[in-house]
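Asker: Before anything else, here's the structure in question.
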Amino acid sequence: MHVLHNRRTGLAARIDPPKPHPPAGGRLLSLLALALVLSSPAAGAGDVRSADMLAHTCAGCHGTDGASAGAAMPTIAGMNKSYLVTVLTDYKTGLRPSTIMGRIMRGYTDQEIAAMAGWLAARPWVSTERPVDGQVAHRGEQIHLSRCETCHADGGRGQDATSPRLAGQWAPYIRHVLKACRDTGLRCKTRQGAERVMALDDAEIDALAHYYESQK
């Protein structure tokens, strides 16, 4: 502390020396510490992109918890996680053709896609409750047993990393997918079972769709 005397008034004034600034390195460490605090789970930022919230963005088209309530959209709850990751990633990279899904999936990281797939895979499968034509479904069963059972075992209930569940799925959706695969031709050959699908006529596709929807 310094004392300065005013010659006119004879009064003394105290002048404190300026406080030293912290070194640049100290300021940087303080800023880094603050950033770590703000980005910690306690701040709540990590919860914004949690698996359930990511998956809930699918509900607008695929229904609550992935159980579709519309014939044009498939149920995706209860699907094999690895299969879902493959499909969603194929949409993201453009390997699987789409109108909307490709644009949507490009907004997610690979880690977020895996998180969504895991969350959906853990949800219960919900079969459709629509009545089906028994005779058409019976014909579809014969086609299934001769051409599809090896990959889609147990009447379409079986599933793995390369084959989705078909039992209880919406018939209009299955019909659309099978026809699209058949009509796509060579581009569909990269998928498992494409050769058999490409050999089906419209009546056989319709019969298969009826049969799978009849299975719960």
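The values are calculated or read from the model by the stated rules, or taken from the named source; none is laboratory data. Being a predicted model, the structure only gives us computed values, none of them experimental. All Cβ positions, even for glycine, are placed from backbone atoms using ideal geometry, and neighbour counts span all protein chains on display. Just the protein is used for accessible areas: all its heavy atoms, side chains included, with ligands, DNA and RNA removed. Shrake-Rupley method; radii C 1.70, N 1.55, O 1.52, S 1.80 Å.
Asker: In terms of Cα to Cα distance under 20 Å, which aspartates and glutamates are near enough to K81, apart from those fewer than 8 places away along the same chain?
Answerer: Counting by Cα, and skipping residues close in sequence, K81 has these aspartates and glutamates nearby: D52, D65, D90, D110, E112, D154, D160.
Asker: In sequence order, what are the phi-derived ³J(HN,Hα) couplings for segment 123-131 according to the Karplus relation 6.51 cos²θ - 1.76 cosθ + 1.60 with θ = phi - 60°, rounded to whole Hz, with x for glycine and proline?
Answerer: 7, x, 6, 10, 7, 5, 10, 6, x
Asker: What relative contact order, as a whole-number percentage, does segment 147-216 give when Cα pairs under 8 Å and 6 or more residues apart are counted?
Answerer: Working: 75 pairs, mean separation 26.0, N = 70.
For segment 147-216, the relative contact order is 37 percent.
Asker: Provide the net charge surrounding T128, with neighbours chosen by a C-beta distance below 10 Å and charges set as Lys +1, Arg +1, Asp -1, Glu -1. The partial results should precede the final answer.
Answerer: On the way: positive: R130, K216; negative: E129, E213.
Within the 10 Å Cβ shell, the charges total 0.
Asker: Also, quick follow-up: Using 7 Å Cα-to-Cβ label points, what is the C61/D183 separation (nm, one decimal)?
Answerer: So the two model labels end up 1.8 nm from each other.
Asker: If you don't mind, another one. Can you tell me the length gained on complete extension of the stretch S98 to S50, counting 0.36 nm per residue apart and subtracting the Cα distance?
Answerer: Values: separation 48, 0.36 × 48 = 17.28 nm, distance 2.58 nm.
Length difference between fully extended and current span is 14.7 nm.
Asker: Once phi is turned into ³J(HN,Hα) by the Karplus curve 6.51 cos²θ - 1.76 cosθ + 1.60 with θ = phi - 60°, what whole-Hz value does each residue of segment 199-212 show in order, with x for glycine and proline?
Answerer: Residue by residue, segment 199-212 yields 8, 7, 9, 4, 5, 5, 4, 5, 5, 4, 4, 4, 4, 5 Hz.
Asker: Follow-up. Hey, what does the equivalent ellipsoid look like for segment 56-179, semi-axes from the Cα gyration tensor as sqrt of 5 times each eigenvalue, largest first, whole Å?
Answerer: Numbers: eigenvalues 133, 48, 39 Å².
Each semi-axis is √(5λ); the values are 26, 15, 14 Å.
Asker: Give me Rg over Rh for segment 107-152, both radii from the alpha carbons and Rh done the Kirkwood way, two decimal places.
Answerer: 1.22
Asker: Right, here's the next one. Tell me which residues come under 5 Å, amide H to amide H, from S68 once H is placed; ignore anything under 5 positions away on its chain.
Answerer: T75, I76, A77
Asker: With θ taken as phi - 60° and the coefficients 6.51, -1.76 and 1.60, list the Karplus ³J(HN,Hα) couplings across segment 78-93 in order, rounded to whole Hz; mark glycine and proline as x.
Answerer: Each residue of segment 78-93 in turn: x, 6, 4, 4, 4, 5, 4, 4, 4, 5, 5, 5, 5, 5, 4, 8 Hz.
Asker: Working out 0.36 nm times the residue gap between T109 and A69, then minus their Cα-Cα distance, what length gain in nm do you get to one decimal? Numbers along the way, then the final one.
Answerer: Values: separation 40, 0.36 × 40 = 14.40 nm, distance 2.77 nm.
Stretched fully, the T109-A69 segment lengthens by 11.6 nm.
Asker: Could you state the accessible area per residue of segment 108-179 in Å², with a 1.4 Å probe and every protein chain left in place? Don't skip to the answer; put the middle values down first.
Answerer: On the way: 3660 Å² over 72 residues.
Value for segment 108-179: 51 Å² per residue.
Asker: Treat every Asp and Glu Cβ in segment 62-216 as -1 and every Lys and Arg Cβ as +1, leave all other atoms uncharged, and give the resulting dipole magnitude about the Cα centre to the nearest 20 debye. Mind showing how you got there, number by number?
Answerer: Numbers: 19 positive and 17 negative charges, 85 e Å.
It comes to approximately 400 debye.
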